[in-house]
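Please read the structure below before turning to the comments.
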Amino acid sequence: MSPTVEHPTGDGRRPAEAEPQITTAPTAAGPTAAVSGATAPTAAAPTATVSGATAPTAAAPAGGDAPAARPSRRFGLRAAWMMTASGWSANQFSALLGAYRSEMGLSEATVTGLFAVYVVGLVPGLLIGGPLADRHGRRPVALTALGVNLLSTMLLMAGTTATWWLLPGRFLTGVGAGALLAAGSAWVKELSSPPYAALAPAAAAKRAGLFVSAGFASGGLVASLIAQWAPHPMLTAYLPHLVLASAAGAAAFGAPESGRPRPTSGAPTAPRGAAPYPRARYRRAILPLAPWVFAGPTVGFATLPGLVDDGLTGWQTVYAGIATAVVPGAGLLVQPLARRVAARHRLATAVSGLLVIAAGFALAVPAAAAEQPALALAAAAVLGAGYGLALTYGLTEVAALAPPERLARLTALFWTLAYLGMFTPYALALLSAAFPVTALLAAGAALAVLTCGVLILLNRGAEH
């Protein structure tokens, strides 16, 4: 059994301990624990060293007079359910696009515009939420964002009485989701890592993405089934999200703050000695791929159902819901493959993701030309698998590049670039007035292959 090390008392002294003898020696950065003469300084918390190996303990609050958080994998899981609520809120509306056209008489342009408004709100939510989480802590920003997420669903429910409520409802859905993705992803990653849990770095980094994907998959499907058979569908379809988000908030409320909020004044913007931000590598490894993370799946669940639904009279809403479940569901199922591919080379997951997305676009061409719903679902599943590979690579790479004090900000930047791909259905709708949609889908496949080649060229010297 390994020895335990208690945190220092308020005056910096340790209580007497059983053998092996552990002594402390103050350093400029913090106390140091030593066994058999070996020492290892830490930046903010004691570190126990036994036979030359170190194991960090939970960071102690200033003054050292409070106990550290007890290591528990449950903290990361409890916070991760907020990410599921975020994904659910995004796709519950997507599955109802056809219902808003048929039940409430909204035009195609209005429905497509409401879909895009989500991204308009999401980008500032990400760009503001990331820096706020780095400065003030992950927990308060994530919990506030979840409250905005709940409010947005209530506004969408009010849209049954006055359709203009849908506009602020969709905008706030984006704002809340953006801030939650920025702060929540960093919070979940840190609560899933030492000292709170013992997940591998790659597994901790992608946990938030997996829970978001679960929300994407289930939210759209449940909303579409309710809209198909339940009374007052534009109201009752949103009730499950209210329950889920409330339960997720209650579960996450007891999780501790994982980051170390930065001082608002009188201190440098990053802790002294922090790892530099590798801007050039971030640009080479993240920027080319990020928009494809959502370019493929949004075509799968937002564009393809509208191209093949002529033979689905009365079942368009259910089909759209199935499509919104198939895309992220395939992204979840591909995760074991993503782990094996990532073990071969750092870029292998990204390259595989882009090539699979290209294959999905290529398969969508005959599906749209023949108006085959089954083939369109197969193309959506392939696009979803590419999404799962690309998202796993992006979150893992960002976590590897970002120093702790910049994790939320750089994660937010990645999500922002990724969500720009959600404008793809809108771009296809505009360009389809001048070009056949099958040609546009084929061009998408070619662009994905081209991006893959550019990514390889930019990262030729990348380490394994």
For the range 149-167, which positions are open to solvent by 40 Å² or more (accessible area, probe 1.4 Å) and assigned to a helix (DSSP H, G or I)? Leu151, Met154, Thr163, Trp164, Trp165, Leu167
Every residue in the range 343-354 that is buried (at least 21 other Cβ atoms within 10 Å of the Cβ) and among the small types (Gly, Ala, Ser), please. Ala350, Ser352, Gly353
Mind listing just one residue for me: the one in the range 299-335 that is of a type outside the set (A, V, I, L, M, F, W, C) and within 18 Å of the chain's Cα centre (by Cα) and, of those, surrounded by the fewest Cβ atoms within 10 Å (Cβ to Cβ)? Gln335
Just to be sure I understand, how many residues within the range 410-444 are over 26 Å from Val120 (Cα atoms) and assigned to a helix (DSSP H, G or I)? 3
Residues satisfying the stated conditions in the range 226-251, i.e. in a helix (DSSP H, G or I), out of contact with any helix residue (DSSP H, G or I) (no Cβ under 6 Å at 6 or more places or on another chain), within 23 Å of Gly314 (Cβ to Cβ) and in contact (Cβ under 8 Å) with a residue 60 or more places away in the chain: Met234
Taking Leu210 as the residue in question, decide whether it is part of a helix (DSSP H, G or I), more than 18 Å from Leu97 (Cβ to Cβ) and open to solvent by 30 Å² or more (accessible area, probe 1.4 Å). yes
All but one of (1) under 27 Å from Gly105 (Cα atoms); (2) open to solvent by 40 Å² or more (accessible area, probe 1.4 Å); (3) among the charged types (D, E, K, R) hold for Arg170, so report the exception by its number. (2)
If you go through the range 383-405 one residue at a time, do you hit one that is open to solvent by 30 Å² or more (accessible area, probe 1.4 Å), in contact with a Leu (Cβ under 9 Å, 6 or more places away or on another chain) and either part of a helix (DSSP H, G or I) or under 18 Å from Phe301 (Cβ atoms) (or both)? no
Please indicate, with yes or no, whether at least one residue in the range 174-187 is among the aromatic types (Phe, Trp, Tyr), in contact (Cβ under 8 Å) with a residue 24 or more places away in the chain, part of a helix (DSSP H, G or I) and open to solvent by 40 Å² or more (accessible area, probe 1.4 Å). no
In the range 87-106, what residues are open to solvent by less than 10 Å² (accessible area, probe 1.4 Å), among the small types (Gly, Ala, Ser) and either touching a strand residue (DSSP E or B) at 6+ places or on another chain (Cβ under 7 Å) or in a helix (DSSP H, G or I) (or both)? Gly87, Ser89, Ala90, Ser94, Ala99
Can you list residue pairs whose Cβ atoms sit under 7 Å apart, with the first residue in the range 407-434 being closer than 23 Å to Leu383 by Cα and the second being open to solvent by 60 Å² or more (accessible area, probe 1.4 Å) and not in a helix (DSSP H, G or I)? Count only pairs 6 or more apart in sequence or on different chains. Leu417/Leu287
Tell me the residue from Val148, Val119, Val111 that is touching a residue at least 60 places away in the same chain (Cβ under 8 Å) and either in contact with a Leu (Cβ under 8 Å, 6 or more places away or on another chain) or closer than 23 Å to Lys189 by Cα (or both), please. Val119
Looking for whichever is modelled with pLDDT of 85 or more, of a type outside the set (D, E, K, R), surrounded by fewer than 23 Cβ atoms within 10 Å (Cβ to Cβ) and in a loop (DSSP other than H, G, I, E, B) here; the options are Pro288, Pro263, Pro271, Pro276. Which one fits? Pro288
Restricting to the range 188-207, and then to whatever is at pLDDT 80 or above and open to solvent by 10 Å² or more (accessible area, probe 1.4 Å), can you tell me which residue is nearest to the chain's Cα centre (by Cα)? Arg207
Within the range 124-144, the residues that are in contact (Cβ under 8 Å) with a residue 60 or more places away in the chain and open to solvent by less than 10 Å² (accessible area, probe 1.4 Å) are Leu126, Gly129, Gly130, Ala133, Asp134, Gly137, Arg138, Ala142
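The values are calculated or read from the model by the stated rules, or taken from the named source; none is laboratory data. Bear in mind that the values here come from a model prediction, so they are computed numbers and not experimental data. Positions of Cβ are generated from backbone atoms using ideal geometry, with glycine treated the same way; all protein chains shown enter the neighbour counts. These accessible areas exclude ligands, DNA and RNA; they are computed on the full protein's heavy atoms, side chains included. Shrake-Rupley method; radii C 1.70, N 1.55, O 1.52, S 1.80 Å.
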